[in-house]
Amino acid sequence: MQKLEYGGAMMASLRKQWRDIPPVLWVLLAMAVVSYPLTEAFGRTGGFSVQFLLNVVERSVTLAIVAVGQTFVILVGSIDLSVAFVISLSAVMASYLMQGSATMILVAVPAVLLMGAGIGWLNGFLVTKGKVNPLIATLGVGLIIQGILSTSFQNFAGSVPDSYQIIAYGSVLGVPNSFFLLLAVAAGAVFVLRKTKFGAHIYAVGGNNEAARLSGIDTGRTMRRAHLIAGLLAALAGLFLTSRLGSGAPWVGPDGIYDLESIAAVVIGGTILAGGRGGVFGTIIGVLIFGLIDSLFNQLGIDPYLKQVLRGLIIVLAVAAYSMRSKEEVA
């Protein structure tokens, strides 16, 4: 009898673990399986090699850093459309401050991160204290940033020293430094969300704001901190992008569509737009799907505009899959 109960408990545990696997992971694996014969048969260079996979990760780092920050904001039931403009401001500010001098790295990097955190906190303040809709508040802040940048800078501003570009182009034992940067950001975010009181408050506020408030949680402060993290990570993404480009320009953020793509990656990674459910792991998988699409299309020499069509289809299918799964769980 005890063996039967133990076996039943084991099966129930396995079923729960199976349900906890983000469906988007199966999408990524299916795409990898399909990509292998295509790149081997029609790829321009290298085929489906280790280098190909490293290129996918390297291509995904900037978007992944932004998307991790966006995950915090969406989990708390808000959204941030200013991240692309914060990236531009961070890139321009970093290269302008450095002016090619290695001695200015220790000045520019903290200043840029502080600026990004400040903009994020301002977004949160407008949403919580000003009672401004998050879409309007963050888009408004973003447009102000873009206006200031466009007025002050018409082209690339300043430059970064060669030593700073090690972040983007250096490697340790053949593994790109950008991989370690992404790993550190993702691990830090997972730790905060799963192991800290602040992380628990984020899920509580996103799940039911009023219930969280009645239970004693400072919901406004939690939301402001979530926005602060989004601004901070957008600034970090700008610093990384500057390392790749060697300089910053006022259009690098909006041209990269980091605002919409970060939201899309979070959604297809399983985080619910209404907040309270999801996580960083799914977001990273969502970003890697975009990176794999980009790399695959480049390898095969396919019209890049078709990527947008494919991305749209993936987003619709992923959201539909999560909707069906939620209905099954409720039933």
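The values are calculated or read from the model by the stated rules, or taken from the named source; none is laboratory data. Keep in mind the model is a prediction, meaning the values are calculated, not measured. A quick note on method: Cβ atoms are made from the backbone with ideal geometry, for glycine too, and the neighbour counts reach across all protein chains shown. Only protein heavy atoms, including side chains, enter the accessible area calculation; ligands, DNA and RNA are left aside. Shrake-Rupley method; radii C 1.70, N 1.55, O 1.52, S 1.80 Å.
Pairs are defined by a Cβ separation below 7 Å, a sequence spacing of at least 6 or placement on different chains, a first member in the stretch 283-302 that is of a type outside the set (A, V, I, L, M, F, W, C), and a second member that is part of a loop (DSSP other than H, G, I, E, B) and open to solvent by less than 10 Å² (accessible area, probe 1.4 Å); the pairs so defined are Thr283/Gly269; Thr283/Thr271; Gly286/Gly269.
Of all residue pairs spaced 6 or more apart or on separate chains, those with beta-carbon atoms under 9 Å, a first member in the stretch 110-138 that is over 12 Å from Ser82 (Cα atoms) and touching a residue at least 24 places away in the same chain (Cβ under 8 Å) and a second member that is outside any helix (DSSP H, G or I) and open to solvent by 50 Å² or more (accessible area, probe 1.4 Å) are Val127/Asn133.
Look at Ala84 and say whether it is open to solvent by 30 Å² or more (accessible area, probe 1.4 Å), assigned to a helix (DSSP H, G or I) and either out of contact with any helix residue (DSSP H, G or I) (no Cβ under 7 Å at 6 or more places or on another chain) or farther than 18 Å from Ile268 by Cα (or both). Judged against the criteria, Ala84 is not a match. Which residues, taken from the stretch 272-307, are over 15 Å from the mean Cα position of the chain (by Cα) and small (Gly, Ala, Ser)? Those that are over 15 Å from the mean Cα position of the chain (by Cα) and small (Gly, Ala, Ser): Ala274, Gly275, Gly276, Ser295, Gly301.
Residue-by-condition table, conditions (1) at pLDDT 85 or above; (2) open to solvent by 20 Å² or more (accessible area, probe 1.4 Å):
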{"position": "Ser247", "(1), (2)": "yes, no"}
{"position": "Pro254", "(1), (2)": "yes, yes"}
{"position": "Ile257", "(1), (2)": "yes, yes"}
{"position": "Val266", "(1), (2)": "yes, no"}
{"position": "Leu273", "(1), (2)": "no, yes"}
{"position": "Val287", "(1), (2)": "yes, no"}
{"position": "Phe290", "(1), (2)": "yes, no"}
{"position": "Ile293", "(1), (2)": "no, no"}
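Scanning the stretch 155-186 for residues that are free of Cβ contacts under 8 Å to residues at least 24 places away in the same chain and open to solvent by less than 60 Å² (accessible area, probe 1.4 Å) turns up Gly170, Gly174, Asn177. Can you find a residue that is crowded, with 24+ Cβ neighbours inside 10 Å and of a type in the set (A, V, I, L, M) anywhere in the stretch 216-225? Within the stretch 216-225, one or more residues are crowded, with 24+ Cβ neighbours inside 10 Å and of a type in the set (A, V, I, L, M). Within the stretch 25-74, which residues are among the acidic types (Asp, Glu), open to solvent by less than 50 Å² (accessible area, probe 1.4 Å) and touching a Phe, Trp or Tyr at 6+ places or on another chain (Cβ under 7 Å)? Listed by number, the list is empty, since nothing qualifies. In the set (1) within 18 Å of Leu126 (Cα to Cα); (2) open to solvent by 10 Å² or more (accessible area, probe 1.4 Å), the condition left unmet by Val205 is number (2). Selection of the stretch 45-68 for residues being in contact with a Ser or Thr (Cβ under 8 Å, 6 or more places away or on another chain) and assigned to a helix (DSSP H, G or I) yields Phe52, Asn55, Val56, Val57, Glu58, Arg59, Val61, Leu63, Ala64, Val66, Ala67, Val68.
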